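The values are calculated or read from the model by the stated rules, or taken from the named source; none is laboratory data. Remember, predicted model here, so these are calculated numbers, not experimental data. Every residue, glycine among them, receives a Cβ derived from its backbone with ideal geometry; neighbour counts consider all protein chains shown. Surface areas here come from the heavy atoms of the whole protein model, side chains and all, with no ligands, DNA or RNA. Shrake-Rupley method; radii C 1.70, N 1.55, O 1.52, S 1.80 Å.
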Amino acid sequence: MLVALVDTETTGLDPTRHRVIEAGVLLVELTKEGVKTIASPFVFRQKVSLRTTQWSPGAFKVNKYFEGHPDWEYAPDAGSEIVCANWQQLADVTEKAILCSQNIEGFDKPFMTMELERFDIKPKWDRRSIELMSFSAFVAVEKNQPKFPLHDIYTALGGPPLEEHRALADIMRGKFVLEHFHKRYFTA
């Protein structure tokens, strides 16, 4: 089964008003033997102007985005040809894959779909998805945690330190959680 672990960092929570500032995808194959990485992660950033883009202070508190931030300083502008090519590559990489993230249907997939629509690119991924939040809820119960954000679940499972709220780190956290459940399911 082809699975695309994805993550987005955004300027807010509403894909119709807010923008993606960073996106990442890691293609894996899910088999009885394990979770096998198919290709290197693909991650890109796009710079948005806070004067012309709606934004949420809560989102920026989480991802620490600001115009001129070193992580986004040299990112191409959101409407540029380079960014269009990046979104096209994301669409191509995820072709026929099942999307997977901590909040795929409620967050990442709608944001990615909206960004693709801005460039008139049709998503090519499978209509189904894998919601890591369901797995995370089981870990939260097992570890007696009141909440189950991806970072907390990853840490509770013993994952090594990773950068906070960046697409690459979060897709690696997602892969770690997926591997944890794969091992439990197939070795039980």
**Request:** Could you work out the Rg to Rh ratio of region 94-173, with Rh taken as the Kirkwood radius (inverse of the mean 1/r over all Cα pairs)?
**Result:** 1.03
**Request:** Would you mind getting the accessible area per residue of the chain, heavy atoms of the protein chains only, 1.4 Å probe, in Å²?
**Result:** 53
**³J(HN,Hα) computed for each position of region 8-17 - Karplus, 6.51 cos²θ - 1.76 cosθ + 1.60, integer Hz, glycine/proline x** = 10, 10, 9, 8, x, 10, 10, x, 7, 10
**Asked** Accessible area, 1.4 Å probe, largest first: how do 135, 186 sort?
**Response** 186, 135
**Nearest-10 value in Å² for the accessible area of residue 130, using the 1.4 Å probe** = 30
**Request:** Subtracting the Cα-Cα distance from 0.36 nm times the residue separation, let me have the gained length for residue 77 to residue 121 in nm, one decimal.
**Result:** 14.1 nm
**Item:** Order of exposure, largest accessible area first, which applies to 35, 20, 43 with probe 1.4 Å
**Value:** 43, 35, 20
**Prompt:** Helix 132-142: angle to the longest alpha-carbon principal axis of the chain, degrees 0 to 90, nearest 10?
**Reply:** 50
**Prompt:** Rg and Dmax of region 37-125, Cα atoms, in Å?
**Reply:** 13.9, 39
**Prompt:** Loop-only check: which trypsin sites (Lys or Arg not before Pro) in region 50-83 are DSSP coil with at most 11 other Cβ within 10 angstrom?
**Reply:** 51
**Given charges at Cβ of Lys, Arg, Asp, Glu: region 81-120 dipole, positive-most of 100, 119, 82** = 100
**Item:** Residue-wise HN-Hα coupling along region 22-28, computed from phi with Karplus coefficients 6.51, -1.76, 1.60 (Hz; x: Gly, Pro)
**Value:** 7, 9, x, 9, 10, 8, 10
**Prompt:** Counting only Cα, what are the radius of gyration and maximum Cα-Cα distance Dmax of region 37-78, in Å?
**Reply:** 12.5, 39
**Complete:** In degrees, nearest 10, the alpha-carbon axis of helix 81-93 is tilted away from the dominant principal axis of the alpha carbons of the chain by 20
**Prompt:** Please state the relative contact order of the chain as a whole percent: Cα pairs under 8 Å, 6+ residues apart?
**Reply:** 25
**Prompt:** For region 57-74, what does the Karplus curve 6.51 cos²θ - 1.76 cosθ + 1.60, with θ = phi - 60°, yield as ³J(HN,Hα) per residue in whole Hz, taken in order and with x for Gly and Pro?
**Reply:** x, x, 5, 6, 5, 6, 8, 6, 5, 7, 4, x, 4, x, 5, 10, 3, 9
**Request:** State the Cα centre-to-centre distance between region 12-43 and region 132-154 in whole Å.
**Result:** 20
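Compute the relative contact order of region 19-60 as a whole-number percentage, counting only Cα pairs closer than 8 Å that sit 6 or more residues apart in sequence.
It comes to 40 percent, rounded to a whole number.
Nearest 5 percent is fine: what portion of the DSSP beta bridges confined to the chain is antiparallel?
Percentage antiparallel, nearest 5: 70.
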**Item:** Amide H contacts of residue 130 (H built 1.01 Å from N, under 5 Å, at least 5 apart or other chain)
**Value:** 99, 100, 101
**Message:** Given a 1.4 angstrom probe, I'd like the percentage of the accessible area of region 136-188 that is carbon and sulfur, rounded to a whole number.
**Reply:** 61
**Message:** Explain nothing, just the number: dipole magnitude of the chain about its Cα centre with +1 on each Lys and Arg Cβ and -1 on each Asp and Glu Cβ, in debye rounded to the nearest 20.
**Reply:** 400
**Item:** GluC sites (Glu not before Pro) lying in DSSP loop within region 77-108, provided at most 14 other Cβ fall within 10 Å
**Value:** 95
**Fill in**
The set of residues whose placed amide H lies less than 5 Å from the amide H of residue 21, leaving out same-chain residues fewer than 5 positions away, is 9, 10, 11
**Prompt:** In the P(r) worked out for the chain, what percent of Cα pairs fall beyond 20 Å?
**Reply:** 53
**Complete:** Note, residue 7: beta-carbon cut-off 13 Å, +1 each Lys/Arg, -1 each Asp/Glu, net -1
**Asked** Calculated from DSSP H runs of 4 or more alone, at -39500 (n - 2.57) each and per residue, what is the 222 nm mean residue ellipticity of the chain, nearest 500?
**Response** -11500 deg cm²/dmol
**Complete:** Taking 100, 84 and ranking on accessible area (1.4 Å, protein atoms only), highest first, one gets 84, 100
